[in-house]
Amino acid sequence: MIKIKICNLSQLKNKNYFVTWVKKIKDEVIVFKNDKKIYVKSSICPHFGGPITYNQNEKHLYCHWHGLRFSIDGKCINQKSFKACLNNYDFELKDNYIYIKK
Ligand code: FES
């Protein structure tokens, strides 16, 4: 197993989420906080690859290209026929840094 450093928790403060490309896993990831719990998911939409951000007020993830919305667990919530989910990553929090475990 390898651990890949993603970000420091302080980087979530402005928008309550942080997005970055992670070369080692060839994916862009989003780290966000929901009700004080941290999540790490792919931020590449499974529809056609649009950018995913986190809407803190409505507590869902949102794709800016065609408007699909995803629940915190990664399932599409506004188009029932769309079954693909956002990839979830296991992670570890150590000394205020988030590490993906792969
Ligand atoms: S690419 Fe995300 S909704 Fe189409």
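Other residues lying with their Cβ under 12 Å from the Cβ of Gly49 contribute a combined charge of -2, Lys and Arg counting +1, Asp and Glu -1.
Placing pseudo-labels 7 Å out from each Cα toward the beta carbon at Ile25 and Asn57 gives an inter-label distance of 3.0 nm. Among the cysteines of the chain, those whose beta-carbon sits 4.7 Å or more from every other cysteine beta-carbon are Cys7, Cys76, Cys85.
Extension gain for the segment Lys102 to Lys33, taken as residue separation times 0.36 nm less the Cα-Cα distance, is 22.7 nm to one decimal. Convex hull volume per residue, computed on the Cα atoms of the chain, equals 96 Å³. In the structure shown, the pairs Lys5/Lys80; Lys23/Lys80; Lys36/Lys102; Lys5/Lys37; Lys37/Lys102; Lys13/Lys80 are assessed against 28 Å; a Cα-Cα span above that value is assigned to Lys5/Lys80; Lys23/Lys80; Lys13/Lys80.
Over all other residues within a Cβ to Cβ distance under 13 Å of Arg69, the charged ones net out to +1, with Lys and Arg as +1 and Asp and Glu as -1.
Amide H contacts of Ile44 (H built 1.01 Å from N, in plane; Pro and chain starts excluded): Glu28 sit under 5 Å, all sequence-distant by 5 or more or on other chains. Evaluating 6.51 cos²θ - 1.76 cosθ + 1.60 at θ = phi - 60° for every residue in the stretch 43-58, the Karplus couplings come out as 9, 9, 4, x, 6, 9, x, x, x, 9, 10, 10, 9, 5, 5, 9 Hz, glycine and proline recorded as x.
Karplus-based coupling profile of the stretch 65-81, in residue order and whole Hz: 7, 10, x, 5, 10, 10, 6, 4, 7, x, 8, 5, 10, 10, 8, 4, 6, with θ = phi - 60° in 6.51 cos²θ - 1.76 cosθ + 1.60 and x standing for Gly or Pro.
Short-range pairs are left out: with C-alpha atoms under 8 Å and at least six residues apart, the relative contact order of the stretch 3-101 is 26 percent.
Rounded to whole numbers, the Karplus 3J(HN,Hα) couplings from phi for the stretch 18-32 are 9, 10, 8, 7, 10, 4, 5, 10, 6, 8, 9, 10, 10, 10, 8 Hz, using 6.51 cos²θ - 1.76 cosθ + 1.60 with θ = phi - 60°, and x at Gly and Pro.
Any read-out appearing in this document is the output of simple, stated calculations on the displayed coordinates, not a laboratory observation. All values derive from a computational prediction rather than experimental measurement. For neighbour counting, all protein chains shown are included, and Cβ atoms are generated from backbone atoms with ideal geometry for every residue, glycine included.
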